[in-house]
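Engineer: My questions will all concern the structure given below.
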Amino acid sequence: MHYMSTITQPAGSLWTRAGQKGQFLFALAVGAALALISWQVGLLDGSTDIFGGVSGEAASANNPGAFVAIGAAFIIGATMIVLPCGFPSVFAMPSILGSRKGLSQRTMLGLIFVAASALPLAALGVGLGFAGDAILGLLDTMSARMGFAVVLYSILGIVAIGYALSEVGLIHLPSLTSRLRSPNMPNQDKPYRRSLVLGSTMGAGMGMGCPMPTYYILLGWVAAAANPVYGAIVLGAYGLGRVLPAVGIGALIVGGMERRTVSRGMISFREKTSGITNGFVAAAGSYLIVLFGGVLLYRLVTL
């Protein structure tokens, strides 16, 4: 019977049987292959394409990539809800929404929380846009711009690979969110001020300090686009993505859903998707390092 149970036991998917290290290596290979394909199709061709199509035309309404980046920013923000830097927002919302009974009052509390979370990130986008424009203004030669692109995206790629390695357990990275301290919260009898403070904490604190590499890649995109308005829109969309799901789930908890059910469901979802998420991060890091730290660096040194 023992041998029979061993024979009939499902083998599982190839991705599962590969293990974390195998998945990590496969993701690296996929990212490298996509980088080489991007190079062959001419992604780095042209004076404005040394940033992967980001610089100059990124904020143009005629560029589909501009709208793709806004949508991607919202999705990246939404994925933070199952991470330590986004998870607390889900259980902050019931204390905010539950402090008032009327629908209009709860709606106003939710809007204050969303605005307080998204606006600091939009302001960060404005600052990065001005900074990127100032830096690119100083880089008046092709070689200088190429060097900036190599350094910027290679660093982002290394950060992504480092995060993926820490998730696999091969290295240990310090947690930025562990250094954040809870602000002095207003009392329950001041719900609007409480909503403002909590929203600002999620946006200006945990939002800006979240260690997810996809967020840092987004920051690099905004800086390279060198457009303050575009930067505000992209990071504002990211900020909305971070908190809108939390508002919805918080409303369900206030409506009667058990907190334990929500918590178990979110933890289970994170565990089931952690391999895919980490694979995407590793592939993104490999892509940036090969395309910019490899191909573009080779072009730079052979000019």
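Engineer: Does any residue of the stretch 131-142 turn out to be out of contact with any Ser or Thr (no Cβ under 6 Å at 6 or more places or on another chain), farther than 18 Å from Gly77 by Cβ, in contact (Cβ under 8 Å) with a residue 60 or more places away in the chain and not hydrophobic (A, V, I, L, M, F, W, C)?
Structural biologist: yes
Engineer: Hey, any hits in the stretch 55-68 for a residue that's modelled with pLDDT of 75 or more and either of a type outside the set (Val, Ile, Thr) or in a helix (DSSP H, G or I) (or both)?
Structural biologist: yes
Engineer: Of the conditions (1) modelled with pLDDT of 70 or more; (2) assigned to a helix (DSSP H, G or I); (3) within 30 Å of Thr141 (Cα to Cα), Gly42 fails just one. Which one is it?
Structural biologist: Result: Gly42 fails condition (2) only.
Engineer: Return the total of residues in the stretch 289-303 being crowded, with 24+ Cβ neighbours inside 10 Å and over 13 Å from Leu36 (Cβ atoms). Can you show your working first?
Structural biologist: Filtering the stretch 289-303 for residues crowded, with 24+ Cβ neighbours inside 10 Å gives 291-292.
Next cut, over 13 Å from Leu36 (Cβ atoms) only: none.
Qualifying residue count, the stretch 289-303: 0.
Engineer: Identify, from the list Ile50, Ile96, the residue that is within 30 Å of Tyr163 (Cα to Cα) and either modelled with pLDDT of 75 or more or aliphatic (A, V, I, L, M) (or both). Don't jump to the end; show me each part of the working.
Structural biologist: Working: Ile96 fails: within 30 Å of Tyr163 (Cα to Cα).
Exactly one residue qualifies, and that residue is Ile50.
Engineer: Being small (Gly, Ala, Ser) and without any contact (Cβ under 8 Å) to a residue 60 or more places away in the chain narrows it down to one residue among Gly250, Gly265; which is it? Quick ask: steps written out before the conclusion?
Structural biologist: Numbers: Gly250 fails: without any contact (Cβ under 8 Å) to a residue 60 or more places away in the chain.
From the options Gly250, Gly265, the qualifying one is Gly265.
Engineer: Further question: Within the stretch 159-197, which residues are closer than 27 Å to Glu271 by Cα and modelled with pLDDT of 80 or more?
Structural biologist: Scanning the stretch 159-197 gives Val159, Ala160, Ile161, Gly162, Tyr163, Ala164, Leu165, Ser166.
Engineer: Something else about it: Within the stretch 99-138, which residues are small (Gly, Ala, Ser) and within 17 Å of Leu196 (Cβ to Cβ)? Lay out the reasoning, then the answer.
Structural biologist: The first filter runs over the stretch 99-138 and keeps only residues small (Gly, Ala, Ser), leaving 99, 102, 104, 110, 115-118, 122-123, 125, 127, 129, 131-132, 134, 137.
Listed by number, the residues that qualify are Ser99, Gly110, Ala115, Ala116, Ser117, Ala118, Ala122, Ala123.
Engineer: Now for a different question. So which of Gly255, Gly275, Gly279, Gly207 ends up being modelled with pLDDT under 80 and over 27 Å from Ala92 (Cβ atoms)?
Structural biologist: Details: Gly255 fails: over 27 Å from Ala92 (Cβ atoms); Gly279 fails: modelled with pLDDT under 80; Gly207 fails: over 27 Å from Ala92 (Cβ atoms).
The unique qualifying residue is Gly275.
Engineer: A further question on this structure: Kindly indicate whether Arg270 is part of a helix (DSSP H, G or I) and either at pLDDT 80 or above or in contact with a His (Cβ under 8 Å, 6 or more places away or on another chain) (or both). Before the answer, list the steps.
Structural biologist: Values: part of a helix (DSSP H, G or I): yes; either at pLDDT 80 or above or in contact with a His (Cβ under 8 Å, 6 or more places away or on another chain) (or both): no.
No: the conditions fail for Arg270.
Engineer: Collect the residues in the stretch 12-39 that are small (Gly, Ala, Ser), at pLDDT below 85 and under 23 Å from the mean Cα position of the chain (by Cα), keeping them in residue-number order. Please lay out each step first, then the result.
Structural biologist: At the first step, the residues of the stretch 12-39 found to be small (Gly, Ala, Ser) are 12-13, 18-19, 22, 27, 29, 31-33, 35, 38.
Now restrict to residues that are at pLDDT below 85: 12-13, 18-19, 22, 38.
If the condition is that a residue be small (Gly, Ala, Ser), at pLDDT below 85 and under 23 Å from the mean Cα position of the chain (by Cα), then Ser38 is the only one that fits.
Engineer: Quick one: how many residues across the stretch 274-288 are surrounded by fewer than 15 Cβ atoms within 10 Å (Cβ to Cβ) and either touching a residue at least 40 places away in the same chain (Cβ under 8 Å) or in contact with a strand residue (DSSP E or B) (Cβ under 9 Å, 6 or more places away or on another chain) (or both)? Working first, answer last.
Structural biologist: Our first condition is that a residue be surrounded by fewer than 15 Cβ atoms within 10 Å (Cβ to Cβ); within the stretch 274-288, this holds for 274, 276.
Still in the running and either touching a residue at least 40 places away in the same chain (Cβ under 8 Å) or in contact with a strand residue (DSSP E or B) (Cβ under 9 Å, 6 or more places away or on another chain) (or both): 274.
Selection size over the stretch 274-288: 1.
Engineer: Out of Arg100, Arg106, report the one residue that is under 15 Å from Ala251 (Cα atoms), among the basic types (Lys, Arg), surrounded by fewer than 18 Cβ atoms within 10 Å (Cβ to Cβ) and touching a helix residue (DSSP H, G or I) at 6+ places or on another chain (Cβ under 7 Å). Spell out the reasoning first.
Structural biologist: Working: Arg106 fails: surrounded by fewer than 18 Cβ atoms within 10 Å (Cβ to Cβ).
The match here is Arg100.
The values are calculated or read from the model by the stated rules, or taken from the named source; none is laboratory data. Treat the numbers as computed from the prediction; the structure is a model and nothing was measured. A quick note on method: Cβ atoms are made from the backbone with ideal geometry, for glycine too, and the neighbour counts reach across all protein chains shown.
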